[in-house]
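Nothing in this text is a laboratory measurement; each read-out follows from the coordinates by a stated rule. The structure presented is a predicted model; accordingly, all values stated were derived computationally and were not measured. Virtual Cβ from ideal backbone geometry, glycine too; neighbours counted across all protein chains shown.
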Amino acid sequence: QVQLVESGGGLVEAGGSLRLSCAASVRTFSGLSMGWFRQGPGKEREFIAGISWIGGSTYYADSVKGRFTIFRDNARNTVYLQMNSLQPEDTAVYYCAAERSLSPKATITPNYWGQGTQVTVSS
């Protein structure tokens, strides 16, 4: 079983930055491909960033490309999402997700989800 715990959400003004963290309680973090999803008010859940198990491949949705960066520290069992140039449309609950996979791909089909962390961007 894998438990994922997100942190780092909060309220920020437009143009600001936040860094989300997701700590995984698992014996072999390096066997997990990781990703971030978000769900804004009245919207469907959206896959926005992914990273392969070894970190060699990343994926970004067009909506965040160039502003968000996903990276992982396998020694700390943690994946991060650095979010810059935040805009009000980035307001959402952000979810960390994991897939047991040794594939080099960065897109994931989650086996596990975190509880979510709220990000609110004021205009």
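Taken one residue at a time, the phi angles of the range 74-90 give Karplus couplings (6.51, -1.76, 1.60, θ = phi - 60°) of 5, 5, 9, 6, 9, 10, 10, 10, 8, 10, 10, 6, 5, 10, x, 6, 7 Hz. Gly and Pro are set to x. Segment L102..R19, full-extension length gain: 27.3 nm, with 0.36 nm per residue of separation and the alpha-carbon distance subtracted.
Once divided by 2.2 N^0.38 Å, the Cα radius of gyration of the range 13-61 becomes 1.38.
Compactness ratio for the range 16-123: Cα radius of gyration over 2.2 N^0.38 Å (N = residue count) comes to 1.00.
What's the local net charge at Q82, with K and R +1, D and E -1, over the other residues with C-beta under 10 Å away? Net of charged neighbours comes to +2.
Other residues with beta-carbon under 15 Å from the beta-carbon of S63 carry, at +1 per Lys or Arg and -1 per Asp or Glu, a net charge of 0.
With Cβ to Cβ distances under 12 Å as the rule, what net charge do the other residues near V2 carry (K, R +1; D, E -1)? It works out to a net charge of +1.
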